[in-house]
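Take a look at the structure set out below.
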Amino acid sequence: MTQLEISKKSEKPAEKPAEQWGNGLEFLFSCISLSVGLGNIWRFPYIAFQSGGGTFVIPYLIALLVIGRPVYYLEISLGQFTGRGVVKAFDMAPLLKGVALGQVLATAASITYYSSIMALTLRFLLASFGSELPWSRCWESWGTDCHDGNAQNSSGKISPAQLYSEREILHEVPNIDNGLGLPNWQLVACLAIAWLVIGGVLIRGIKSSGKAAYFLGVFPYVVLLILLLRAVTLPGAIDGIIYFFKPQWRELLNPLVWYAAVTQVFFSLAICFGTLITYASYNNFNRNVYNDIVIITTMDSCSSIIAGCITFGILGNLARETGNPDIGSVVKGGAGLAFISYPEAIAKFEYVPQMFAVLFFLMLFVLGIGSTVGMGSCILRVIRDQFGLRSPPIWKLASGLTVLGFSVSIVYMTPGGQFILNLVDFYGVSFTALILAIGELVAVAWIYGVNRFCEDIKFMMGIETGWYWRLCWRFITPGLMTAVLIYMLLDMSALEYKGVGYPTLAHVFGCFLATLGLIQLPGWAIYAIYKKRGQNGSCWQRIRAACKPSDTWGPANVQLDATI
């Protein structure tokens, strides 16, 4: 968008100015708390475990450089330039506005199961205040399935932490062929508390969450470093860490590993969900975010690697204790892995393990707040942008989201809840996020145009965009994502959870979730073309017209921006 176009736009009445961060540090720490969240500490270790440890790390780091960092820069720049939420930001290319709507739906699905992880965290946190950690020893009710830490008597048995997580917290069922079961009232209560905290922060607005970000962004690193020091000193930890970094070269040709790496980058950095565009929309228009992006993405990748070292170090210790030489089979995978490996390490602390358990689960809960508040802010911003000055008060919107989110999230509190979490994660989030991400790159780099977008960045921040970013946005990033998507579709098998298949009805529900997100693409494209029906010309000319930025495209605070 040229300065002349901005000047013309400034003649129109300005929109109501949006909230802004108190200062640049609030934005930086808010992005850190959003990106360095449950996606790193909870999701990264179990995805790496499922994908073969070191086999996963190499594709992850490659995806971080050629997908994660370029898309992060793109979304931050786009949000800051427009000063609006993700849906309004796509006024630059109305033909692909469905990308934004699909991303909002994926974010809505994500916030439901992220809140359920917060509920599990809170349940473990409360259990940590006892005279001893309940997962530090075997219970009589577990029978002979539990190992006592003696390798000679532990072959083929399960750790106390895993049994406590599966039997006492989740009450997990072997399959969901006969239904999900009834929600556990203790977990439902913890879920209610989690949503009350999320809703409370959202009601206070962006300035309140910006102040909280200082704590949310720093505290987790303190706890992580303490756990890392303990994990690497456990007997057998080095074997697990070697497994984490040593790749199985043949598996690098497995497209599902690359698919897992790409989607994990989405979760780690919170890209392609609309949350970054929302956070950047509260920035000062001229803020140079280049250094912020380097800092945030570097810290994000480091936190993931630290979390991986902790988890696999503990798995190496478990392998030695149980006499199992195969670290890849020492525990079952799944989203609950973080609730097995980390508690196992904490239980081995010689002094006041309860205190460290409280710190760890408090850290996870804090990370959950940072992630879910970002998701909730994205959803609320879309609604407020849609209604403009007629938008309901923020407290009403946040309260409605809290009640609705809590109601939906109860399904994860059932004995079969982890099956549903895995299902929603794959069909409703990971699968659709990859396709929508490709659509986002096409919208910005090909329809709106890389050169025009780089001109906007120069006008906004006064810096030239290098060839690395231009090549990634136009060719490398969408090309790699498309290749991963095609190979994944060709080699995709039926979804499983811990090696257990899903009933047909569950797959039907999963396909419905995926369709709901992806149908936004053709649906809104047809609508955009239909709106151009009054123009003379062929269908192709109407399609070209639908590709041009709408009249509302441009910086939100036009009176200020036009004078820059």
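The values are calculated or read from the model by the stated rules, or taken from the named source; none is laboratory data. Worth saying up front: this structure is predicted, and the values here are computed from it rather than measured. Reconstructed Cβ throughout: ideal geometry from the backbone, glycine too, with neighbour counts over all protein chains shown. We work out accessible area using only protein heavy atoms, side chains counted, and drop any ligands, DNA or RNA first. Shrake-Rupley method; radii C 1.70, N 1.55, O 1.52, S 1.80 Å.
Here are the numbers:
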quantity	calculated
Members of region 196-205 that are in contact (Cβ under 8 Å) with a residue 12 or more places away in the chain and either surrounded by fewer than 24 Cβ atoms within 10 Å (Cβ to Cβ) or not in a helix (DSSP H, G or I) (or both)	Leu196, Val197, Gly199, Val201, Ile203, Gly205
Flag for Gly376 being part of a helix (DSSP H, G or I), at pLDDT 95 or above and surrounded by 17 or more Cβ atoms within 10 Å (Cβ to Cβ)	yes
Considering residues of region 415-465 that are surrounded by fewer than 22 Cβ atoms within 10 Å (Cβ to Cβ) and touching a Cys at 6+ places or on another chain (Cβ under 6 Å) only, the residue nearest to Tyr73 (Cα to Cα)	Thr465
Residue match in region 407-428 (condition: within 22 Å of the chain's Cα centre (by Cα), part of a strand (DSSP E or B) and of a type in the set (Phe, Trp, Tyr))	no
Filter result (open to solvent by 10 Å² or more (accessible area, probe 1.4 Å) and either at pLDDT below 90 or within 28 Å of Ile438 (Cβ to Cβ) (or both)) within region 292-311	Asp292, Val294, Ile295, Thr298, Met299, Ser301, Cys302, Ile305
Residues of region 471-487 that turn out to be surrounded by fewer than 17 Cβ atoms within 10 Å (Cβ to Cβ) and not β-branched (Val, Ile, Thr), as a count	5
Residue in region 328-338 that is crowded, with 24+ Cβ neighbours inside 10 Å, touching a Ser or Thr at 6+ places or on another chain (Cβ under 6 Å) and not acidic (Asp, Glu) present	no
Which listed residue is over 24 Å from the mean Cα position of the chain (by Cα), at positive phi and of a type outside the set (Val, Ile, Thr), from Gly323, Gly274, Gly328, Gly316	Gly323
Test: residue in region 247-256 that is in contact (Cβ under 8 Å) with a residue 24 or more places away in the chain and basic (Lys, Arg)	no
Qualifying residue in region 3-13 (condition: open to solvent by 20 Å² or more (accessible area, probe 1.4 Å), modelled with pLDDT under 85, more than 20 Å from Val444 (Cα to Cα) and small (Gly, Ala, Ser))	yes
Residue count, region 511-534 (criterion: more than 22 Å from Glu440 (Cβ to Cβ) and open to solvent by 90 Å² or more (accessible area, probe 1.4 Å))	3
Helices (runs of 4 or more DSSP H) fully within region 467-534 counting 2 or more residues that are farther than 30 Å from Leu65 by Cα	504-518, 520-530
Unmet criterion (only one of (1) under 24 Å from Pro220 (Cβ atoms); (2) of a type outside the set (Asp, Glu); (3) open to solvent by less than 10 Å² (accessible area, probe 1.4 Å)) for Phe356	(3)
Boolean, Ile394 is modelled with pLDDT under 95 and open to solvent by 40 Å² or more (accessible area, probe 1.4 Å)	yes
Qualifying residue in region 276-287 (condition: surrounded by 24 or more Cβ atoms within 10 Å (Cβ to Cβ), at pLDDT 90 or above, outside any loop (DSSP other than H, G, I, E, B) and among the hydroxyl-bearing types (Ser, Thr, Tyr))	yes
Test for Val358: is it touching a Pro at 6+ places or on another chain (Cβ under 7 Å) and in a helix (DSSP H, G or I)	no
Count of residues meeting criterion [outside any loop (DSSP other than H, G, I, E, B) and closer than 16 Å to Leu421 by Cα] in region 174-195	3
Qualifying residue in region 444-464 (condition: acidic (Asp, Glu) and not in a helix (DSSP H, G or I))	yes
Of all residues in region 489-510 being in contact (Cβ under 8 Å) with a residue 40 or more places away in the chain and open to solvent by 70 Å² or more (accessible area, probe 1.4 Å), the one that is nearest to Val87 (Cα to Cα)	Phe509
Pairs, first closer than 17 Å to Ile293 by Cα in region 456-477, second among the aromatic types (Phe, Trp, Tyr) and not in a helix (DSSP H, G or I), C-beta under 8 Å, six or more apart	Met460/Phe285
Region 239-269, residues that are hydrophobic (A, V, I, L, M, F, W, C) and either over 30 Å from Ala89 (Cα atoms) or open to solvent by 10 Å² or more (accessible area, probe 1.4 Å) (or both)	Ile241, Ile242, Phe244, Phe245, Trp249, Leu252, Leu253, Leu256, Val257, Trp258, Ala260, Phe267
Matching residues, region 38-81, being open to solvent by 10 Å² or more (accessible area, probe 1.4 Å) and farther than 30 Å from Leu362 by Cα	Ile58, Ile62, Leu65, Val66
Region 206-231, residues that are buried (at least 18 other Cβ atoms within 10 Å of the Cβ) and among the β-branched types (Val, Ile, Thr)	Ile206, Val223
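Each row is one residue, and each column tells you yes or no for (1) among the small types (Gly, Ala, Ser); (2) touching a His at 6+ places or on another chain (Cβ under 9 Å); (3) assigned to a loop (DSSP other than H, G, I, E, B).
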position	(1), (2), (3)
Pro235	no, no, yes
Gly240	yes, no, no
Val262	no, no, no
Ser268	yes, no, no
Ile296	no, no, no
